Structure formats: structure tokens, C-alpha cells
Amino acid sequence: MPRRRNSDPENGHADETPNGWDSSPATDDDPVGTVSSSSANADDENTVDTPAEPGAPKGSAHRPSRRHLIVKAAVRVFSRKGFAETSIQEIAEAAGMVPTAVYYHFASKEELFESALGYAMDASSAAAQHARPDDAEADADTFKSVIDAVWDWTAEHPNAARMLFLQMAGGATPGTRLLTKEYEDRHIRRAFDYFPVAETPANKRSAAAQQAARSLRVRTMIATTIAIQPLRIEGGPLAGISAPRLRAATTEVCSKMIEGR
């Protein structure tokens, strides 16, 4: 079972890259300096322990700030090289520490990969949640706000976005496949708000048919918003189309699904 880590959304907007997106450092994943193998080990006495993260298992690391640095470095490296081609050594160098420090916080590369993907998923979901809180009305206008928020997040955090959307087609580990399903289910549940039940069905058969049609619309809309993202990564079939045009097209198609309910 992967360990989820919640992350706080960050404010601010950045200009989108004209075509697709790149994987250069962004506001949430700036690289830090590296250290040599002779640097202090994971239990450096000069580092002050802090309380464990909420929900962390007993015996886990007590330095959430260092853990966060490792996760952000992992996002950068995994987004470029993928799971199979990335080593803990590379992530440690990107985080500015030695491999033993990484293993102090994460038992394996799989656990770190799942934490990095969870970080990206939580940040993306937080952007959508901020744009439309659960108590806000769900209509075509608020959906546009959600699309804008997620696309802005993608432009501001290209490494996290690249890692997230490349994994949506198929997780590299059993844990990431579970995370992907949870991520999709989370957004599908929220999307049902855009398609309320218009009238009370006459019978169970009508109710089942109505629910099936409603579910199809919801899943199609979410699949559309997710599927377009990896296609516009550099080298992808949509990379040559400007981000504003793709964003507008996605919004228009999904808004028609909502308005046609």
C-alpha cells in the first residue's frame, strides 16, 4: 500500500510554454546543491529532529523538511528518466545529500516513487479543489475555473505534471497503479456534481439507464481532461499546438457535455 503525502497548493500564476511543456525546474522543484560522498550522513548531529509527519508509521523519519527535499528531487529525476532508469544515487545527488540519507527516509526506490507521484497528484487535486470547493456550484463556469487552475498548475510545475500524466497511462509499480485509480476515482466523484439527476426515474430500469448514461458522461469528461495532457508533452502528437488553443478546445468540449445534460 503506497503512503500518501499531502501537499499544500501554492499561489501564483506562470506563463505557459507556447507548445507542450518542458521539464525544466519550476517553482516547486528547484534543484539544490549537491554534496560529495564524504558529506555528513543521514543522522548528522547538526540536523534537528522534528515531529514525525501526521499518519507516518512508527520508526519513520523525523525530518519532514529533508523528506520533502528528497521527494521534490525525485520528481525532477523521475520526470526525466522514468522509474526503471532512475537510481537512488541520482536522486540523492539532486537533493544535495548522500544515498544513505535517502534510505533513512525511504525504504526503497518504489516507496520513493510512490511518494513522489502522490505529491504530484495531491498538488494537482489541490489546484482543482481550490478552484471549485465542494460547497461551490458545479456548472460550466466553475468547470472552466477548474480547467484553468489545473492547466496553470501544469505550466508552473512541469516536472510534477510530466511525472503525473505519464503515469496515468499505466503505473510503473503496483502501488502507483493503485494511486492512479484513486486519483481518477477522486475526480470522477467530484465530476458527478456537474451532472445532477434531472428527474426521478419511473422505475428501477429507468433509474439504472439514467445512472449508466450519467456515469458515461462523467467518465468521458474526466478521461478527456486527463488524456490530453501526456499527448502535449514534447515529442507528443499535440506538442506542436499551443497550450492556449488546447486548453480552450478541452474546455469547450467538456462544457458542451455539461450543458447538454
### Evaluation of THR220 against (1) under 17 Å from ILE188 (Cα atoms); (2) under 20 Å from the mean Cα position of the chain (by Cα); (3) modelled with pLDDT under 90 (one fails), failing number
(3)
### Query
Which members of the stretch 230-261 meet the condition of being of a type in the set (Gly, Ala, Ser) and assigned to a helix (DSSP H, G or I)?
ALA243, ALA248, ALA249, SER255
### Message
For the structure I just gave you, tell me whether VAL146 is open to solvent by less than 60 Å² (accessible area, probe 1.4 Å), among the aliphatic types (A, V, I, L, M) and under 25 Å from ASP135 (Cα atoms).
### Response
yes
### Message
Quick check on this structure: which one of ALA161, ALA136, ALA126, ALA140 is open to solvent by 30 Å² or more (accessible area, probe 1.4 Å) and either within 13 Å of the chain's Cα centre (by Cα) or of a type in the set (A, V, I, L, M) (or both)?
### Response
ALA136
### Summary
Filtering the stretch 187-208 for residues that are over 18 Å from ASP139 (Cα atoms) and surrounded by 12 or more Cβ atoms within 10 Å (Cβ to Cβ) leaves a count of 3
### Query
So which residues in the stretch 209-233 are under 30 Å from ALA84 (Cα atoms) and open to solvent by 30 Å² or more (accessible area, probe 1.4 Å)?
ALA223, THR224, ALA227, PRO230, LEU231
### Task
Would you point out the residue of the stretch 97-108, among those that are out of contact with any helix residue (DSSP H, G or I) (no Cβ under 6 Å at 6 or more places or on another chain) and within 20 Å of THR173 (Cβ to Cβ), that is most open to solvent (accessible area, probe 1.4 Å)?
TYR103
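Results for (1) modelled with pLDDT under 95; (2) more than 21 Å from ALA227 (Cβ to Cβ); (3) hydroxyl-bearing (Ser, Thr, Tyr), shown as yes or no for each residue.
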| site | (1), (2), (3) |
| --- | --- |
| ARG63 | yes, yes, no |
| VAL75 | no, yes, no |
| LYS81 | yes, yes, no |
| ALA95 | no, yes, no |
| PRO99 | no, yes, no |
| LEU117 | no, no, no |
| ASP141 | yes, yes, no |
| PHE165 | yes, no, no |
| GLY171 | yes, no, no |
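The values are calculated or read from the model by the stated rules, or taken from the named source; none is laboratory data. Nothing here was measured: the structure is a model prediction, and the numbers come from that model. Virtual Cβ from ideal backbone geometry, glycine too; neighbours counted across all protein chains shown. Each accessible area value is taken on the protein alone, full model and side chains, heavy atoms only, with ligands, DNA and RNA left out. Shrake-Rupley method; radii C 1.70, N 1.55, O 1.52, S 1.80 Å.
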